[in-house]
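This report refers to the structure that appears directly beneath it.
The values are calculated or read from the model by the stated rules, or taken from the named source; none is laboratory data. Since the structure is predicted, the reported quantities are computational estimates derived from the model, not experimental observations. Using ideal geometry, Cβ is built from the backbone for each residue, glycine included, and neighbour counts are taken over all protein chains shown.
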Amino acid sequence: MSAIVTYEARERVAIITLDRPEARNAVNGDVANGLEAAIDRLEADEAVWVGILAANTEGQERPVFCAGADLKAINSGDAASLATKRGGFGGFVYRERRKPVIAAVDGLATAGGCEIVLAADLVVATTRSSFGLAEAKRNLIAGAGGLFRLPRAIGQAAAMEAILTGEPIPADRAHELGLLSRLVEPGEAVDEALRLAAQITACAPLAVWESRAIVRAAATEDDETLIRRTNEAFARVMGSADTKEGLEAFIEKRAPNWQGR
């Protein structure tokens, strides 16, 4: 894994951190490969059930979660390195994965940085954060999912305005529009994401992962397909050891001991 993307496991939660503050955490080849490797590790670690994606903003006068693509890398002819075959831009935006990822944002998430946030499952952000797709100001278009994910997240009218003007959406407005799950004070994004992750990991992981997959699919699949997928997921969960444990724990009035199988 790249040194500019770090991975820390805390019991059932992994904290993945973009660690390139001197470049506003912009995505270059090292970041893309490092983030993909971190997601590989998250998916492979049976002891970890939820990921948190954060960013180091130390030393930044105006905190930036991620400024998107490293334009110096693009200008030097290294644009292809900013994406991976499995993950797309940043090694993340199109990555197939099972476990939920919470974006913990404390600062600006713009262009590809906003698209990374939009690819997460939940977003916790601070009041000094903002979210934008500024590509139109540079005669570019958002090519990593933002043009269709932002309208799904906040509605077409608000998304169209943000995309066509290139102006960022302040955190309080993003919260009102439904992009954010939780809004907190500066410096508290990771702690709040950990509290949210603890609530998720208190639930049965198989049920969480299967439910997440169907919610994500709802944006693009028809009802007939979603009904089939739901029935298949229900059968898989009902046949697991954790369902028996959950029922026994309820009857015995105790906390369940989930095993993820």
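In table form, for the structure just shown:
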read-out	value
Test: residue in segment 60-71 that is closer than 17 Å to ARG20 by Cβ, part of a loop (DSSP other than H, G, I, E, B), aromatic (Phe, Trp, Tyr) and at pLDDT 95 or above	no
Qualifying residue in segment 85-95 (condition: of a type in the set (Val, Ile, Thr) and within 16 Å of the chain's Cα centre (by Cα))	yes
Residue, modelled with the lowest pLDDT, within segment 200-229, restricted to residues that are of a type in the set (Val, Ile, Thr) and within 24 Å of ILE102 (Cβ to Cβ)	THR220
Checklist (1) assigned by TED's automatic domain parsing to the domain that holds VAL48; (2) in a helix (DSSP H, G or I); (3) over 21 Å from the mean Cα position of the chain (by Cα) applied to ARG229, failing item	(1)
Given (1) surrounded by 23 or more Cβ atoms within 10 Å (Cβ to Cβ); (2) of a type outside the set (A, V, I, L, M); (3) in a loop (DSSP other than H, G, I, E, B), index of the condition GLY51 fails	(3)
Those strands (runs of 3 or more DSSP E) lying entirely in segment 73-176 with at least 1 residues closer than 17 Å to ALA26 by Cα	101-105, 108-110, 130-132
ASP172, sole failed condition from (1) surrounded by 15 or more Cβ atoms within 10 Å (Cβ to Cβ); (2) in contact with a Leu (Cβ under 8 Å, 6 or more places away or on another chain)	(1)
Positions within segment 228-261 being among the aliphatic types (A, V, I, L, M) and either touching a residue at least 24 places away in the same chain (Cβ under 8 Å) or surrounded by 12 or more Cβ atoms within 10 Å (Cβ to Cβ) (or both), in sequence order	ALA233, VAL237, ALA241, ALA249
Tally of residues being outside any loop (DSSP other than H, G, I, E, B) and either in contact with a Ser or Thr (Cβ under 8 Å, 6 or more places away or on another chain) or within 19 Å of VAL101 (Cα to Cα) (or both) across segment 177-187	3
